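Student: Before we start, here is the structure in question, set down as structure tokens.
Nothing in this text is a laboratory measurement; each read-out follows from the coordinates by a stated rule. Nothing here was measured: the structure is a model prediction, and the numbers come from that model.
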Amino acid sequence: MNKLIPFLKNSTFYFLVIFTGTFLQVYWAMGYLSDKLSSSCLDCSFALDTLFISLFSAIFLSLIFMLISKIKNLYLKLIPEFFLLTFWWFFIDYSDFVERESSWSTYLFNEEINETLNHSFFPILIMSVIVIFIINYRSILKRNETS
């Protein structure tokens, strides 16, 4: 019981931070597609799609980040978290772009990647640094206090 409460606290914290970060990042990067129809669901709104993918991402990534949090070395924690988060968010942005823009047009795969990168590079970079910093804030503080 003593270990269950801190685990639930940490996992809830990770969930909330990742959910909020994912929702904000997708809206920041791909918000210009919010008025366009989805090719897979003509009645689905961008906000609802973003909400569901943020929910799924938060569950999935918080479980993985809980496993990564067991690593004691701060740098070995930050690097996989950062790359996992950035690749995951890029995949979400790419999927949104394909679903709401390129499926209605004649984009090549390279053009889809380039367009997604053009719109999502800075939002992904900035939001991933913020999310990783918030999640690891206590570890970073402890490291700075001991050095």
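Student: Could you tell me which helices of the chain pass both thresholds, a Cα extent of 27 Å or more along their own axis and a mean Kyte-Doolittle hydropathy of at least 1.0, with helices taken as whole DSSP H runs?
Tutor: Values: long enough: 4-30 (38 Å, 1.15); 46-68 (31 Å, 2.33); 74-100 (39 Å, 0.71); 109-135 (34 Å, 1.20).
Going by DSSP H runs, the hits are 4-30, 46-68, 109-135.
Student: Another question, if that's okay. Mind running the shape call on the stretch 4-146? Use the C-alpha gyration tensor, a ≥ b ≥ c as the square roots of the eigenvalues: rounded below 1.5 for a/c, prolate if a/b tops b/c, oblate otherwise. Don't skip to the end; give the middle numbers.
Tutor: On the way: a/c = 2.84, a/b = 1.94, b/c = 1.47.
Here the stretch 4-146 falls in the prolate category.
Student: Using 0.36 nm per residue, how much length does the chain from Phe91 to Lys9 gain when fully extended, once their Cα-Cα distance is taken away?
Tutor: Numbers: separation 82, 0.36 × 82 = 29.52 nm, distance 2.85 nm.
So the extension gain works out to 26.7 nm.
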